[in-house]
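Visitor: Take this structure, written in structure tokens, and hold onto it; I'll ask about it next.
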Amino acid sequence: MDHHHAGPVETGAPMDYREHEKTYDLFLAGAKWGTMMCVVLLIAMVAGFYAGGGLLGGILVFFILNAAGFYLLR
């Protein structure tokens, strides 16, 4: 079927590709670091609640895994 437009077609604002790339990179970084933090928190909770580490053991595991995660994912 033929799509004939009688008036001008609105294309919107021109795409700012550099800004789009910066936003996408920021989103990917947030997703990566947020996922790492959630996984580390869950592992620390398991170490504290179920492995007998208690509060201080869970906090210690949390900080050690965060340091390792930041080193490995940078």
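Visitor: For the ranges 57-63, 45-51, 24-30, what's the packing order if you count other beta-carbon atoms within 10 Å of each residue, average per peptide, and put the highest first?
Guide: Working: 57-63: 16.1, 45-51: 14.4, 24-30: 10.1.
The densest-packed peptide leads the list: 57-63, 45-51, 24-30.
Visitor: Got a sec to turn the phi values of region 65-74 into Karplus ³J(HN,Hα) couplings, 6.51 cos²θ - 1.76 cosθ + 1.60 with θ = phi - 60°, whole Hz, x for Gly and Pro?
Guide: 5, 5, 4, 5, x, 5, 5, 6, 9, 6
Visitor: Under the Karplus relation 6.51 cos²θ - 1.76 cosθ + 1.60, θ = phi - 60°, what is the ordered set of whole-Hz ³J(HN,Hα) values for region 55-64, x standing for Gly and Pro?
Guide: 5, 5, x, x, 5, 4, 4, 4, 5, 5
Read-outs throughout are calculated quantities, based only on the coordinates presented, and are distinct from any laboratory measurement. Remember, predicted model here, so these are calculated numbers, not experimental data. Using ideal geometry, Cβ is built from the backbone for each residue, glycine included, and neighbour counts are taken over all protein chains shown.
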